[in-house]
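Structure first, commentary second.
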């Protein structure tokens, strides 16, 4: 195949800016009765301080597994390979005791389902103060004061009553705010938010997003926002990474993703969002279904559903680098001509 | 994880599906075979063996099991052949098991279907009674009944039945309540079919599968109850014998003739085990999601 | 909490009254029963029964007087032995049963929970397989088979312990009975604890706890233990009921002079009133235990206090 565009493998690149968090060649495998399945394939990215990375994909694209792998929270039958460099040190597959020095205080995570992510048997106070007592050797009193302060900052009404209550006494939105407060107590460098608003009402969503943005400005926290909602990504992210079938399909600055789209999948995603001004048009859904891990197509995972697929797509497409202005723009498609 | 569209499969009746799933479960099939063999042996065996279960052989007191003489499983302190006694005892134990299960299932089905179908106050009252029955320590009441009424075979069956029907009743009530809301019942009612007919001709056949599973699991628990009663000396009376009685007798002879305990105990345990595996297999076959 | 207790009591008491009533009716009106006019009863006992159970009164009065008598703590008199009241017989038997039963329950809870937790935390290890095997055996081998087997092994085979009997709470006579009871209960408890803990450790809130970087001992003891114990607490009620069966069998096998033997011998002797009194006593104890279990459950689980 003659190829005019020069392409390089992503991993050899050395970023010119120092990154806070750098993931290199992450692969996640699962051992199942049907054999070994791969959920994440050769994933790399880097995150600087104060940056927000939006990770977009459908269910089953591997985005949650990536985050869980980074945090060492994979299931027992899963295996992760590669490197996760936090401030230069690899934390992937680190023994628990050492991992716990980073996981929690420096690298925090908020989960998708606030209804089940808080312990129903412990009061809120306990669940919050234990973070500071464990990681900062704070006394109970000091931890209480700090936690109360955080609750106030998140504009949770009547923080003292909240402290003495159990999770089931709160709504989903409140619980998610408590979760975020809990995650931010040790002032982490990176906050991973895995679909933080999916289980919540739209109005509450907006509040949570505003909250995250405010916190980022105040503390300079880097955020990784995992979601399937493009609108959310647009409002918050500096970089955007689009995933499908366990691989990165496109990775660029937010503006470039939306206005200089290179990958057919990203293009299809953007087009499938219904727009008010075209209310009469038919909804453009992407035909077909995302691939099951057991039946991964050879080559590009999106090929079966892609309008531009041809024989080349039977072979996996490596990530190609194109430079849009000053920023890097990566995409994995054989069709390197004009934007998708 | 959604998969690509599968090729359409030929239509199969749910019973055939269940049968196929059952056949694949080796433990369940083995258990079924074992149970059939045991039952056959218990029924036919005593006729084929040279000794009667109550005939005493004065030349062969407390003989250890061996294939060299005619008493393959040994004898007890009165010279009675253990193998024959185990098989005859098996007849009684199995009969108690099956008879009691049949009556308690029948009672449970009628009770549960009526409560579930009629609903309202009647249902509340009937289920309150079930709850109260659960709170009572059944063995004690069974002992009480046996004390008052005596140890006749059918009274033992009655005493045990009195406490074995509640699980079935609860189950049937739940199923009836959900079936009642289905359309074919509405149709029957619209056509003017009377209530008892609806219950027996439409609702009950749909419960058969689940009831079968419950019956299979009730049998071992009933046999166990009878065995405990007999072991305590409060169940089956001489000259009849059951596995429980044999184990009771065997326990007295532990220091001199341990086989008198071990062999009947083995038969009992294996039978109970097989019934449980069979029940599990049936349940998995009929409702594979319910693991 | 108080209101909850009160509500539970309101349901419990009628249940008890109904049970006693039914039992009483059975006993006193069933054909061939103790008060059948055809029965020939020795003079002394006849007189005692007449006065104690008010047999000359109409049935409903009999029943109410009986309840009144029960409320005063009087369990009646023996039908066979003119000089003995049920209370006296119980007084000598109850401590024995409580000693063995109490010890067995305490041991089974501690060992069962410990084994179950270890099996859950170290899945597929030796402990795990051991616990699964134990659970299997306990659920299939009946107590009246296991008991004699223990006697065979330890009393007859190894001759370490006596095969039965009782001597004023001296410990050699207690080892085998307590071991039997403990073994039966541990198999169920360990299996339930294991399943429960495995489910809890896979829950989302434990994932959050791990994500917070909490050390393992905090996760297990502060976050996982209480939710894991709930199904165990739930099973204590049914376990108490099945303990009655186990106690009857155990006391029979080892000739322990407790409540169980009293029931069995009473039934064998057709001592109706003794059996009646014992059944009432034991049922009351069981109902109270179930009540305590319900309250304990409400205490442990904040969600159920609604």
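The values are calculated or read from the model by the stated rules, or taken from the named source; none is laboratory data. Every value quoted in this text rests on a predicted model; they were computed, and no experiment measured them. FYI the Cβ positions are ideal-geometry reconstructions off the backbone, even for glycines, and counts take in every protein chain you see.
The residue list A:230, A:184, A:215, A:211 contains one member that is farther than 16 Å from residue A:151 by Cβ and in contact with a helix residue (DSSP H, G or I) (Cβ under 9 Å, 6 or more places away or on another chain), which is A:230. Going through (1) surrounded by fewer than 21 Cβ atoms within 10 Å (Cβ to Cβ); (2) part of a helix (DSSP H, G or I) one by one, residue B:78 falls short only on (2).
Residue-wise test of (1) within 17 Å of the chain's Cα centre (by Cα); (2) under 20 Å from residue B:37 (Cα atoms).
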| residue | (1), (2) |
| --- | --- |
| B:239 | no, no |
| B:245 | no, no |
| B:248 | no, no |
| B:252 | no, no |
| B:256 | no, no |
| B:259 | no, no |
| B:263 | no, yes |
| B:268 | yes, yes |
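Looking at region A:226-245, can you tell me whether even one residue there is within 14 Å of chain B (Cβ to nearest Cβ), modelled with pLDDT of 80 or more and on the phi < 0 side of the Ramachandran plot? Within region A:226-245, one or more residues are within 14 Å of chain B (Cβ to nearest Cβ), modelled with pLDDT of 80 or more and on the phi < 0 side of the Ramachandran plot. Restricting the search to region B:41-57, which residues are part of a loop (DSSP other than H, G, I, E, B) and touching a helix residue (DSSP H, G or I) at 6+ places or on another chain (Cβ under 6 Å)? B:49, B:51, B:53 - these are the residues of region B:41-57 that are part of a loop (DSSP other than H, G, I, E, B) and touching a helix residue (DSSP H, G or I) at 6+ places or on another chain (Cβ under 6 Å). Only residues that are out of contact with any helix residue (DSSP H, G or I) (no Cβ under 8 Å at 6 or more places or on another chain) and farther than 11 Å from residue C:259 by Cβ were counted in region C:92-121, giving 4. In region C:76-188, counting only helices (runs of 4 or more DSSP H) that sit wholly within it, the ones holding 1 or more residues that are away from chain B (no Cβ under 14 Å) and more than 24 Å from residue B:254 (Cβ to Cβ) span C:86-121, C:126-140.
Checking the stated criteria, residue B:116 turns out not to satisfy the condition of being out of contact with any strand residue (DSSP E or B) (no Cβ under 6 Å at 6 or more places or on another chain), on the phi > 0 side of the Ramachandran plot and either modelled with pLDDT of 80 or more or surrounded by 23 or more Cβ atoms within 10 Å (Cβ to Cβ) (or both).
Residue pairs whose Cβ atoms lie under 9 Å apart, separated by 6 or more positions or on different chains, with the first residue in region B:271-290 and more than 14 Å from every other protein chain (Cβ to nearest Cβ) and within 18 Å of residue B:208 (Cβ to Cβ) and the second surrounded by fewer than 22 Cβ atoms within 10 Å (Cβ to Cβ) and at pLDDT 85 or above, are B:281/B:29; B:281/B:32.
Entry remark, region A:137-153: residues being under 24 Å from residue A:173 (Cβ atoms) and not in a helix (DSSP H, G or I) number 0 in total. When the residues of region C:243-279 are filtered to those that are more than 7 Å from every other protein chain (Cβ to nearest Cβ), surrounded by fewer than 21 Cβ atoms within 10 Å (Cβ to Cβ) and in contact (Cβ under 8 Å) with a residue 12 or more places away in the chain, the one that is nearest to the chain's Cα centre (by Cα) is C:257.
Only one of A:59, A:46 is within 15 Å of the chain's Cα centre (by Cα) and closer than 13 Å to residue A:194 by Cα; which? Being within 15 Å of the chain's Cα centre (by Cα) and closer than 13 Å to residue A:194 by Cα holds for just one of A:59, A:46, which is A:59. Is there a residue in region B:66-75 that is out of contact with any strand residue (DSSP E or B) (no Cβ under 8 Å at 6 or more places or on another chain), more than 14 Å from chain A (Cβ to nearest Cβ) and either modelled with pLDDT of 85 or more or assigned to a helix (DSSP H, G or I) (or both)? Within region B:66-75, none of the residues are out of contact with any strand residue (DSSP E or B) (no Cβ under 8 Å at 6 or more places or on another chain), more than 14 Å from chain A (Cβ to nearest Cβ) and either modelled with pLDDT of 85 or more or assigned to a helix (DSSP H, G or I) (or both). Summed over region A:167-204, residues that are surrounded by fewer than 17 Cβ atoms within 10 Å (Cβ to Cβ) and within 12 Å of chain C (Cβ to nearest Cβ) total 2. Are any of the residues in region A:96-107 within 15 Å of the chain's Cα centre (by Cα) and away from chain C (no Cβ under 12 Å)? No: region A:96-107 contains no residue that is within 15 Å of the chain's Cα centre (by Cα) and away from chain C (no Cβ under 12 Å). Residues satisfying the criterion are absent from region A:247-266 (criterion: within 22 Å of residue A:39 (Cα to Cα), within 14 Å of chain B (Cβ to nearest Cβ), modelled with pLDDT of 80 or more and crowded, with 17+ Cβ neighbours inside 10 Å). Selection of helices (runs of 4 or more DSSP H) fully inside region A:190-263 by the criterion of at least 3 residues being touching a strand residue (DSSP E or B) at 6+ places or on another chain (Cβ under 7 Å) returns A:230-236, A:254-259.
Can you list the strands (runs of 3 or more DSSP E) found entirely within region A:45-136 that contain at least 3 residues being at pLDDT 90 or above and surrounded by fewer than 18 Cβ atoms within 10 Å (Cβ to Cβ)? The strands (runs of 3 or more DSSP E) meeting that bar are A:78-86.
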